[in-house]
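The structure appears below as structure tokens.
The values are calculated or read from the model by the stated rules, or taken from the named source; none is laboratory data. This structure is a prediction, so every number in the text was calculated from the model and none was measured. Cβ sites come from the backbone with ideal geometry, for glycine too, and all protein chains shown count toward neighbours. Side chains included, ligands, DNA and RNA excluded: accessible areas come from the protein's heavy atoms. Shrake-Rupley method; radii C 1.70, N 1.55, O 1.52, S 1.80 Å.
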Amino acid sequence: MSVRKSPPPSGPGSAIIKRARVNDEDVENGTMTMTVASSGEGQRKNALIRSVKRTSGLEAPIVSLTGAHGGEITACKFDPSGQTLAACSVDRSISLWKTYPPHDNYGIIPNVHKTAILDIAYSLDSETIYSGSADGILISTDLRTGQRITKYSAHYGPLNSISVAISGGRELVLTGGDDGIARVWDFANDSKEPVAEFDDERDCPITAVEWSKDGNQCFVGGVDNEVKVWDLRSSEILYTLRGHTDTICSLSLSPSGHFLATYGLDSTLIIYDVRPFSSDPMRVYRSLTGAPAGFESSLIRCNWSKHDNGARIAVGGGDRNVTIWEVDTGKIAYKLPGHKGTVTAVNFHPREPIVLTGSKDSNMLLGELDAQDTV
């Protein structure tokens, strides 16, 4: 693993908002004063002064994380503690960052795979990162040393999605790939065989996987536009979620475990009620639009907010924006610009109103949600 001691002034971890002028009394009140130039010369006498209520520990309301990758970012995620984050790319590397100032890119793990890395997931203790690639390989890497721990030939063809959960006291890793099979792995075992396989024998590529909150069920979505809910113990389908008219891009379970969000290439985000007993046989709670998938057929990720117990849901898009809805009302709360390519990855901080986004422009943004909108 390459260790970066400090980023260049204009490189990784640079804030794209002008440096704030912070007074002592402002720090106590959680506010900051920003000077915004109102003319081409940016003279102070023509500047607009305004106070901004800060809601997180970020250096600025918007922070740009750049320079680590030479290709599009396919996934980016906070670790379970929220102190660090990681991103993977088609350039076959994983970058590691500090969430809080000075937002250092403290490590690069190069050439983790021989082909593009399509997804990553942290272990629940934040010490290991799991990664899957376009050649179907699943690798676990020790984040303390940067060394590979285990390598599995998990799928025939691309491994598109990874999810981690505790089930029966064990940390299990769920993967889905183009071979149409979802597999469950226990890295504590010496065997390199999966502990479970879910195959509906339809040979439809699997593009997204997710665990239930109790770790007893697996949600599996693919190019057949459906999400199948598998029982881990019996390896049988419990029920099927329908409603999309195109490939499922991503799945995300709400913090409560009661709802499953699905985003598809039909540019629709559907929230399903996955509680054991639902009054609606279709289980559809919300159907949200406003985030176009674009023409590139990218596996765009969706994610629930966590600091407010899932009051919001976000997804990237082919319009280069991040769309965030209020779940209760179904209304769009934010359209966040800033990227120069399709936004492929979105992840909320586990404790603060911060959203992390990654794009085909090879950059990431950390964005702080407004104070008046926090719960």
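A full extension of the chain between K98 and Y156 corresponds to an added length of 17.4 nm, given 0.36 nm per residue minus the alpha carbon distance. Here each label is just a point 7 Å from Cα along the line to Cβ, and for V223 and S81 those points are 4.1 nm apart.
Here the accessible area is traced with a 1.4 Å probe on the protein chains. For region 255-324, carbon and sulfur cover 53 percent of it. Modelled label positions at E326 and T115, each set 7 Å beyond Cα in the direction of Cβ, lie 4.5 nm from each other.
Computed with every protein chain present, the accessible area of S167 is close to 10 Å² [probe 1.4 Å].
Shape of region 153-287 from its Cα gyration tensor (a ≥ b ≥ c, root eigenvalues): rounded if a/c is under 1.5, otherwise prolate when a/b > b/c, or oblate? Judged from the Cα gyration tensor, region 153-287 comes out oblate (a/c at least 1.5, b/c at or above a/b). In region 73-153, the portion of solvent-accessible area held by carbon and sulfur atoms comes to 50 percent [1.4 Å probe, whole percent, DNA, RNA and ligands not counted].
With every protein chain in place and a 1.4 angstrom probe, the accessible-area ranking of R320, R183, largest first, reads R320, R183. 3J(HN,Hα) couplings calculated from phi for region 175-188 with the Karplus curve 6.51 cos²θ - 1.76 cosθ + 1.60 (θ = phi - 60°) are, in sequence order, 10, x, x, 5, 7, x, 10, 9, 10, 10, 10, 10, 6, 7 Hz; Gly and Pro show x.
Along its principal axes, region 159-204 has C-alpha extents of 32, 19, 17 angstrom, given from the largest down. Using a cut-off of 26 Å between Cα atoms, the listed pairs K114/K335; K151/K306; K114/K306; K53/K98; K98/K340; K335/K360 include K114/K335; K151/K306; K114/K306 as exceeding that distance. Among K228, K360, K151, the sequence by solvent-accessible area, most first, with a 1.4 Å probe is K151, K360, K228. Histogrammed with a bin width of 5 Å, the alpha carbon distances of region 92-221 distribute as 2, 11, 21, 23, 20, 13, 7, 3, 1, 0 percent, first bin at zero. Residues in region 254-260 carry Karplus couplings, in order, of 5, x, 6, x, 8, 10, 10 Hz; the curve used is 6.51 cos²θ - 1.76 cosθ + 1.60 with θ = phi - 60°, and Gly or Pro positions show x. Computed with a 1.4 Å probe over protein heavy atoms only, the accessible area of H339 comes to about 20 Å². Taking GluC sites (Glu not before Pro) across region 287-375, the ones in a DSSP loop with at most 15 further Cβ atoms lying within 10 angstrom of their Cβ are E296.
Residues whose amide H comes within less than 5 Å of that of V322, counting only those at least five positions distant or on another chain, are L336 (H built at 1.01 Å from N in the peptide plane). For region 189-250 versus region 102-155, the spacing of their alpha-carbon centroids is 22 Å.
Counting only chymotrypsin sites (Phe, Trp or Tyr not before Pro) that sit in a DSSP loop (anything but H, G, I, E, B) with at most 13 other Cβ atoms within 10 Å, what is the longest stretch of the chain containing none of them? So the longest stretch without any such site is 1-155. Amide H contacts of R286 (H built 1.01 Å from N, in plane; Pro and chain starts excluded): I271 sit under 5 Å, all sequence-distant by 5 or more or on other chains. Its alpha carbons considered, the chain gives a radius of gyration followed by a Dmax of 20.7, 72 Å.
Nothing charged except the Cβ atoms of Lys and Arg (+1) and of Asp and Glu (-1): what's the magnitude of the dipole of the chain about its Cα centre? Round to the nearest 20 debye.
Magnitude of the dipole: close to 1300 debye.
Sorting L356, L124 by accessible area puts them as L124, L356; the probe is 1.4 Å, largest comes first, and only protein heavy atoms count. Grab the beta carbon distance between S235 and R148, set R0 = 25 Å, and tell me the FRET efficiency rounded to 0.05. With R0 = 25 Å, the Cβ-Cβ based efficiency is 0.25. Database remark: amide H of D119 closer than 5 angstrom to the amide H of G132 (H placed geometrically; neighbours at sequence offset of 5 or more, or on other chains; Pro and chain starts carry no H). Derived scalar couplings between HN and Hα for region 97-107 equal 9, 7, 5, 9, x, x, 6, 5, 7, 7, x Hz in order, rounded to whole Hz, by the Karplus curve 6.51 cos²θ - 1.76 cosθ + 1.60 (θ = phi - 60°), x for Gly and Pro. Stretching E201 away from D125 to a fully extended chain increases their span by 23.8 nm, per 0.36 nm per residue minus the current alpha-carbon distance.
In the context of the full set of protein chains, residues of region 73-153 present 33 Å² of accessible surface per residue (probe radius 1.4 Å, heavy atoms only).
Which value, to two decimals, describes the C-alpha radius of gyration of region 209-317 once divided by 2.2 N^0.38 Å?
1.01
I'd like the accessible area for R312, computed on protein heavy atoms only with a 1.4 Å probe and all protein chains in place. Round to 10 Å², please. Counting only protein heavy atoms, the figure is 10 Å².
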